[in-house]
Amino acid sequence: MRLRSRHWLALVAVGTSIVVGCSSSDSSNEETPNGSAGTGHGTAGNSATAGSPARAGAGNGSGPNAGAPGNHTTGMVKLNLKVK
Amino acid sequence: MNRIANRRSLPIARALLGALSLASLATLASVAGAMPGEVSFTPTGLKLSVMRIVLSATDANGNPTSQAVLYTCPEATEEECLVDVTDQSALDAIAEHVGSAVVSVGTYDTVSLELCASGKNGMTPAPGYVRGIFTVESEHETYITAEGDDAPLGIRALEPGELSEPDFAKIGNWSCSTKSVHLPSPIEVSADVATDLTVVVDPKLIAFSTPNVSGGMGGCRGLMNGSARGVCVSYPSLVPLVGEETPDLERFLIAHHKDDPDAILDSKANAYVVVVRSAGSGDPLTAFVRPYYSETSAQTSSNVPYDLVYGGPGYFGETLVSSVHVTADGGVDFTTGGSLDGNSAIFSDFTLNDHKGVVDTRTQGTYQYHAIPISPAGNGGEGGSSGSGAGGTSGTGEGGTSGMGEGGSGPLPV
């Protein structure tokens with residue numbers, strides 16, 4: 001049951017991404033912070049139509065904006081240089 | 001053990017091959033051997049072009065699987081990107097420029113410093129400048145680095161009573177390269193968290209001068225036929241560590257005897273070993289080595305020919321970080337060189353004090369050694385004017401050139 005709910009939520013999220021023109025595929029696997037903006041590898045529309053879980057692969061979306069926000073895929077490195 | 005060494009040597013060998021000038025420098029510098037008039041010294045200035053500093057994740061073969069650029073010089077040319085790596089304020093300026101670099105989350109294990117813009121290989125000259133002063137006891141001369149008609153090879157002897165300061169002189173035969181160093185433990189970059197990475201530069205004893213420097217040697221400025229005194233410079237050691245605290249560096253000179261520890265002559269020391277430990281005299285983290293030259297040093301087996309009795313193993317190449325382990329008595333065991341470096345030094349228990357022990361090699365058997373602590377102050381080649389050797393516990397008194405004969409019971413003032 002919980003699993004289904006999660007899938008449903010995923011679909012909603014995907015559907016939302018259609019609205020905003022998001023072309024990102026599976027945001028959970030994204031490695032760049034702002035998705036692959038406008039690269040056309042999105043799947044959202046097809047996923048939603050098929051009712052399948054939000055997985056990448058099929059679509060050819062062409063959204064102009066960056067992909068799904070909120071992915072915590074970056075950190076920071078503070079560099080210290082010392083001569084001894 | 002051998003399998004590990006072999007596996008880990010691959011990325012190191014690759015890094016060295018990629019950094020052609022570094023490889024040639026290390027080899028050729030070793031061939032120079034030890035002889036009268038030859039001294040190592042610590043530069044008071046060393047300007048290198050720092051074009052990029054890159055953090056990488058690598059696979060088992062040392063190939064990068066992902067990279068994050070921490071620093072890119074804001075200028076276009078190598079000459080404009082020169083940094084005096086002996087000047088803490090210059091290093092601070094880079095760190096300030098970097099601030100907190102945004103990188104993808106993940107685990108990284110290698111830090112690289114690129115001397116040149118991308119696309120330039122080891123055949124492309126790179127700018128580099130060294131500044132320093134050293135004394136050659138056998139000649140009763142003190143030399144300074146300089147440029148001008150009176151210093152065609154980047155050095156000149158001071159006149160009696162002259163107090164001139166050294167100037168920066170161009171390093172000879174210095175080419176584009178990338179210095180890549182593995183972290184003793186990888187750095188984990190987490191989401192939205194700032195992680196400190198400290199890179200320590202050790203320029204001690206990285207320059208040397210001989211009466212027969214060939215301008216054909218990597219990092220060396222001299223006549224091509226090797227008939228005059230010149231100066232050679234090695235790449236400074238870099239030690240990247242996770243955290244913001246500056247580690248402690250425990251430095252030693254190493255003297256050897258083939259089989260009798262009581263017959264070791266400290267004046268024949270020909271190697272430099274540094275053990276890096278966490279701040280506050282904490283646990284050992286890693287170690288590195290390089291050759292050391294004085295007028296009395298024995299020729300190490302990284303030279304041809306070498307001193308079969310006092311020469312000891314070869315001290316060149318990188319330490320295999322994966323081989324560094326803390327021993328039960330607080331020392332470290334570590335392996336240097338690649339799998340093909342049959343004579344490179346392998347320590348099984350290098351303790352952080354004045355001590356004697358046995359150093360192994362892959363193919364040339366064992367040697368007895370004496371690890372002689374070096375005090376942090378002073379400059380190579382400038383101490384130990386006459387080898388007073390007044391019974392110092394550091395085992396000095398064997399002639400004392402290059403800062404080795406000041407008597408005393410403390411560490412050697414190199």
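Since every read-out is calculated from the coordinates, none of them should be taken as a lab result. What you are looking at is a predicted structure, and each value in this text was computed from that prediction instead of being measured. Don't worry about glycine lacking a Cβ; one is built from the backbone with ideal geometry, like all the others, and counts go over all protein chains shown.
Return a whole-number percent for the relative contact order of segment B:320-378, with Cα pairs under 8 Å and 6 or more residues apart as the contact set. Relative contact order for segment B:320-378 comes out at 24 percent. Full extension of the chain between B:Lys170 and B:Ser281 gives 36.2 nm of extra length, using 0.36 nm per residue less the Cα-Cα distance.
Amide H contacts of B:Thr351 (H built 1.01 Å from N, in plane; Pro and chain starts excluded): B:Val332 sit under 5 Å, all sequence-distant by 5 or more or on other chains. Using R₀ = 45 Å, calculate the FRET efficiency as 1/(1 + (r/R₀)^6) where r is the Cβ-Cβ separation of B:Ser118 and B:Asp259; round to 0.05. The pair B:Ser118/B:Asp259 has a calculated efficiency of 0.35.
Could you tell me the center-to-center distance, by alpha carbons, between segment B:63-136 and segment B:206-269 in angstrom? Taking the Cα centre of segment B:206-269 as reference, the centre of segment B:63-136 is 22 Å away. Remark: relative contact order (segment B:235-286) = 36 percent; criterion is Cα-Cα distance under 8 angstrom and separation of 6 or more residues.
In terms of distances greater than 31 angstrom between alpha carbons, the cross-link table entries B:Lys47/B:Lys356; B:Lys179/B:Lys258; B:Lys170/B:Lys356; A:Lys82/B:Lys258; B:Lys204/B:Lys356 yield B:Lys47/B:Lys356; B:Lys179/B:Lys258; B:Lys170/B:Lys356; A:Lys82/B:Lys258. Note on segment B:75-140: Cα convex hull, mean projected area over all directions, 8.3 nm². Using the empirical formula 2.2 N^0.38 Å as the baseline, the Cα radius of gyration of segment B:182-238 reaches a ratio of 1.86.
Suppose R0 equals 30 Å; then what is the FRET efficiency for B:Glu244 and B:Asn61 from their Cβ-Cβ distance, rounded to the nearest 0.05?
It comes out at approximately 0.45.
Electrostatic bookkeeping for B:Thr246 treats Lys and Arg as +1 and Asp and Glu as -1; over the other residues with beta carbon under 9 Å from its beta carbon, the sum is -1.
Couplings for segment B:267-272, taken from phi via the Karplus curve 6.51 cos²θ - 1.76 cosθ + 1.60 with θ = phi - 60°, read 5, 8, 3, 9, 9, 10 Hz in order; Gly and Pro are left as x.
Shown is the FRET efficiency for B:Glu139 and B:Leu163, computed with R0 = 22 Å from the Cβ-Cβ distance and rounded to the nearest 0.05: 0.70. Convex hull volume of the C-alpha atoms in segment B:252-353, normalised per residue: 106 Å³. When B:Met123, A:Met76 are arranged by Cβ crowding within 10 Å, least crowded first, meaning fewest neighbours, the order is B:Met123, A:Met76. Straight-line reach from A:Lys78: taking Cα to Cα under 16 Å and skipping same-chain neighbours fewer than 8 places apart, the aspartates and glutamates in range are B:Asp92, B:Glu96, B:Asp109, B:Glu188, B:Asp192, B:Asp196, B:Glu244, B:Glu245.
The slack between B:Glu75 and B:Ala151, meaning 0.36 nm per residue of separation minus the straight C-alpha distance, is 24.3 nm. Computed over the Cα atoms of segment B:41-170, the ratio of the radius of gyration to the Kirkwood radius (Rg/Rh) comes to 1.10. Work out, in µm²/s and without decimals, the Stokes-Einstein translational diffusion coefficient of segment B:131-253 at 37 °C, 0.692 mPa s, Rh from Kirkwood over C-alpha pairs. In µm²/s, the coefficient is 192.
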